[in-house]
Every structure is written in structure tokens, then in C-alpha cells.
Amino acid sequence: MAFLNRRSFLRFTAGAGLGFGLSALPAYARQGISLGQASQGVDYPDVIDLQVQETAIQLGGRSTKALTVNGSVPGPLIRLREGQNISINVTNQLNEDTSIHWHGLILPPGMDGVPGVSFAGIKSGQTFTYQFPIAQSGTYWYHSHSGLQEQQGHFGPIIIDPAEPEPF
């Protein structure tokens with residue numbers, strides 16, 4: 001019979017905690033994939049398609065509804081490269097207007113995604129194409145600027161890799 005000492009207990013709890021923590025990661029983090037991949041020889045996408053919809057999800061053992069992007073909360077990781085031009089087609093499958101604001105990105109007028117300020121919003125059943133050059137690198141996020149949609153799950157991460165490798 002194995003003897004339970006402090007070291008064995010710590011090993012067990014650390015392993016169990018790590019296993020549980022990894023299972024709680026969003027799908028894109030567990031799978032190691034994204035819309036665009038940062039590695040040698042892999043092309044960054046020129047066109048991305050996003051679907052905004054209401055989806056039934058399980059939260060804390062209960063069924064509820066969330067606003068999802070491509071069926072997940074948070075929405076899919078968008079991975080781009082500084083210097084590229086991107087087209088992002090956003091289809092609104094909600095029964096109300098929606099939008100996507102590209103938080104922190106340097107964008108041309110009309111592409112910022114703030115209804116009533118830079119564009120009219122995306123009507124139910126319609127698709128809007130955001131087109132802009134990627135003028136910077138870093139970590140950002142996208143989210144709705146329509147009502148309380150962001151708080152209902154309409155958001156996701158953006159990683160923009162630099163055009164040139166770091167000098168150090």
C-alpha cells in the first residue's frame with residue numbers, strides 16, 4: 001500500500017489541478033488552432049467569415065442562451081500578420097442589429113464597427129464586410145457595440161504577429 005506523504009499529495013493535487021484547468025480552456029486554446037496560424041510556411045487568411053447567432057450553452061450545469069461568434073464564447077481567435085489586408089465577412093443571424101468593434105486597431109473610417117458613429121450596424125439576416133489593412137502588431141480583441149451583446153458573449157481575441165521578427 002502506497003504511503004501518502006506531503007510530496008505525494010502535492011504531486012497529485014498539482015496534476016489534478018492542471019488537468020482540470022486545461023479542460024476549462026476555450027476550444028481554440030485547447031486545440032492550438034485559430035483563424036490564421038502563426039508559424040513558418042502557413043498563410044494568414046485574406047478572408048474570414050464570422051456568424052453571430054444565439055446559441056444554447058451549458059453554464060454551471062444549467063442550460064442558457066448566449067450570443068456566440070461561430071458558435072462559441074469567446075468567439076474564435078483571429079490571427080493576422082502586420083502589413084496584410086483583411087476582409088472579414090460578418091453575418092448577423094440574430095433578430096436584432098449587431099456590430100463588431102475591432103478594439104485598439106488602427107482602421108479607416110467606416111470600419112471601426114460603432115453603430116451610429118462609423119456605420120449603420122449590421123441588420124438581421126445581412127452580411128457586412130469589414131476591409132482594412134493591418135497596420136500594427138500585438139494582442140487585441142473584438143466585441144459588439146450593439147446594446148448589451150458583448151456582455152451576452154459576443155467577443156473574441158485577436159493576435160497580430162509582427163511583419164519582422166523581434167530584434168532581440
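Side notes on the structure shown:
- Among the residues examined, Leu107 does not qualify as modelled with pLDDT under 85, part of a loop (DSSP other than H, G, I, E, B) and not hydroxyl-bearing (Ser, Thr, Tyr).
- All conditions but one from (1) part of a loop (DSSP other than H, G, I, E, B); (2) touching a strand residue (DSSP E or B) at 6+ places or on another chain (Cβ under 6 Å); (3) open to solvent by 20 Å² or more (accessible area, probe 1.4 Å) apply to Gly75; the one that does not is (3).
- The residue of the stretch 140-160 that is least open to solvent (accessible area, probe 1.4 Å), among those that are in contact (Cβ under 8 Å) with a residue 12 or more places away in the chain and out of contact with any Gly (no Cβ under 9 Å at 6 or more places or on another chain), is Gln149.
- Hits in the stretch 78-96 - residues which are open to solvent by less than 70 Å² (accessible area, probe 1.4 Å), of a type in the set (D, E, K, R) and in a strand (DSSP E or B): Arg79
- Residue ranges of strands (runs of 3 or more DSSP E) in the stretch 123-168 with at least 2 members under 15 Å from the mean Cα position of the chain (by Cα): 138-143, 155-161
- Within the stretch 34-61, residues that are within 13 Å of Thr91 (Cα to Cα) sit with their Cβ atoms under 9 Å from residues that are in a loop (DSSP other than H, G, I, E, B) and modelled with pLDDT under 85, at 6+ positions apart or across chains, in these pairs: Ile48/Gly36.
- In the stretch 35-62, the residues that are more than 21 Å from Tyr130 (Cα to Cα), touching a strand residue (DSSP E or B) at 6+ places or on another chain (Cβ under 9 Å) and either exposed (fewer than 10 other Cβ atoms within 10 Å of the Cβ) or at pLDDT 90 or above (or both): Glu54, Thr55, Ala56, Ile57, Gln58
- Selection from the stretch 73-95 of residues that are touching a Phe, Trp or Tyr at 6+ places or on another chain (Cβ under 9 Å) and free of Cβ contacts under 8 Å to residues at least 60 places away in the same chain: Gln84, Asn85, Ile86, Ser87, Ile88, Asn89, Val90, Thr91, Asn92
The values are calculated or read from the model by the stated rules, or taken from the named source; none is laboratory data. If you're wondering where the values come from, they're calculated on a predicted model, not measured in any experiment. Backbone-built Cβ (ideal geometry, glycine too); neighbour counts: all protein chains shown. The area values use the complete protein model at the heavy-atom level, side chains included, leaving out ligands, DNA and RNA. Shrake-Rupley method; radii C 1.70, N 1.55, O 1.52, S 1.80 Å.
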